[in-house]
1. Tell me yes or no: at least one residue of the stretch 10-33 is hydroxyl-bearing (Ser, Thr, Tyr) and crowded, with 19+ Cβ neighbours inside 10 Å.
2. Given (1) farther than 21 Å from ASP7 by Cα; (2) in contact (Cβ under 8 Å) with a residue 12 or more places away in the chain; (3) of a type outside the set (D, E, K, R), identify the lone condition not met by ALA175.
3. Answer yes if at least one residue in the stretch 95-115 is within 22 Å of LEU190 (Cβ to Cβ), among the small types (Gly, Ala, Ser), crowded, with 20+ Cβ neighbours inside 10 Å and touching a His at 6+ places or on another chain (Cβ under 9 Å), and no otherwise.
4. Mind checking which pairs have a first residue in the stretch 144-168 that is at negative phi and a second that is part of a loop (DSSP other than H, G, I, E, B) and buried (at least 19 other Cβ atoms within 10 Å of the Cβ), Cβ under 7 Å, 6 or more apart or different chains?
5. Can you confirm whether GLY204 is outside any helix (DSSP H, G or I), within 14 Å of ARG242 (Cα to Cα) and either of a type outside the set (Gly, Ala, Ser) or out of contact with any His (no Cβ under 8 Å at 6 or more places or on another chain) (or both)?
6. Can you confirm whether the stretch 170-186 contains a residue that is under 22 Å from ARG228 (Cα atoms) and either buried (at least 24 other Cβ atoms within 10 Å of the Cβ) or in contact with a Lys or Arg (Cβ under 6 Å, 6 or more places away or on another chain) (or both)?
7. Out of the residues in the stretch 119-157 that are hydrophobic (A, V, I, L, M, F, W, C) and outside any helix (DSSP H, G or I), which is farthest from the chain's Cα centre (by Cα)?
8. Residues that are among the acidic types (Asp, Glu), in contact (Cβ under 8 Å) with a residue 60 or more places away in the chain and more than 18 Å from ALA125 (Cβ to Cβ): does the stretch 190-198 have at least one?
Amino acid sequence: MTTTTVDDPLALAEADPERAVAFAATLARRARAARDPLAESTARRAMGIASVHLNHLGTASRHLNAAIRLAERAGSPELAAEARLRLAFVTSVGGRPRQALREIEELLPGLHGVLRARAEAQKAAVFNHLGRRADALAGYRAAIPVLRRAQDHLWLQRVLSNRGIVHGYRQEFAAAETDFREAEALCRELGLDLSLAIARGNLGWVMGARGDVPTALRYFDQAEARFRELRTHQLGWLLTDRAELLLSVGLVAEARAAAEEAVAELERLRRAILLPEVRLLLARAATMAGDHEDA
């Protein structure tokens, strides 16, 4: 696996969030001492993005709000909009997707070019949170050609991964695999270790859906190893996908162990919305193992 050498804090947030927080904090201090609010805004935005990956949503909101204030003070509506887009995503994953949608809609009329494409992509991600798959795909169709032309590969890999998930939910598995493989290649090229692990976890999910269990488990193993090293919040989702796949092929003991760990991880992260579904999965595994009391 490539170890990233990026010195861009925004890219490092997609590669190694813990390193990104420390690095961006140093940049923010230097920018404050130099009275450079634009550089400090970018550093605080990177800290916000990294904090999302570490499941520190409150911390992410504080950093992103600071990034907005600094950008506005420096007279840069573009940088302020960048931070607002990421703050809208935090709002959505925090359980308020409709509010996030309103915030992005308010920004869109003043945005153009690549920045508008990023906003359309962020809006599409919120549509996916709301289960509006067709609307999400329409947003990605609008955003991806613009990002390609601009060679905005940092955003493109993220958007391809997100679109692949929508295709997967719609059982368009060939399209999902195409998007995930391109995202994987871009992440390798950019040295984005965390995003690469996410792409590989997604490939495991779609390979499992297509019935290729050995390949799915190989991708899950690769992604899981990196998630554990980076201590990010994606591990609970990956373990859930692994447990569902193992249960579908009758590997009950292995599925139960994965589901138990997924429950523990999601409890640690206080992911109350997903926990009932994973507890039901664990109950199914216990039932299939003949442990009706635990089920």
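1. Within the stretch 10-33, none of the residues are hydroxyl-bearing (Ser, Thr, Tyr) and crowded, with 19+ Cβ neighbours inside 10 Å.
2. (2)
3. If we filter the stretch 95-115 for residues that are within 22 Å of LEU190 (Cβ to Cβ), which is where we start, we get 113-115.
Next, only the ones that are among the small types (Gly, Ala, Ser) stay: 113.
Filter once more, keeping what is crowded, with 20+ Cβ neighbours inside 10 Å: none.
No, every residue in the stretch 95-115 fails to be within 22 Å of LEU190 (Cβ to Cβ), among the small types (Gly, Ala, Ser), crowded, with 20+ Cβ neighbours inside 10 Å and touching a His at 6+ places or on another chain (Cβ under 9 Å).
4. LEU154/GLU14; GLN157/LEU192
5. On the way: outside any helix (DSSP H, G or I): no; within 14 Å of ARG242 (Cα to Cα): yes; either of a type outside the set (Gly, Ala, Ser) or out of contact with any His (no Cβ under 8 Å at 6 or more places or on another chain) (or both): yes.
When the stated conditions are applied, GLY204 does not pass them.
6. Yes, because at least one residue in the stretch 170-186 is under 22 Å from ARG228 (Cα atoms) and either buried (at least 24 other Cβ atoms within 10 Å of the Cβ) or in contact with a Lys or Arg (Cβ under 6 Å, 6 or more places away or on another chain) (or both).
7. ALA150
8. Yes, the stretch 190-198 contains at least one residue that is among the acidic types (Asp, Glu), in contact (Cβ under 8 Å) with a residue 60 or more places away in the chain and more than 18 Å from ALA125 (Cβ to Cβ).
Read the figures in this text as sums done on the coordinates, not as results from a lab. Please read these numbers as outputs of a predicted model, since none were measured by experiment. As a convention, Cβ positions derive from the backbone with ideal geometry for all residues, glycine included, and neighbour counts pool all protein chains shown.
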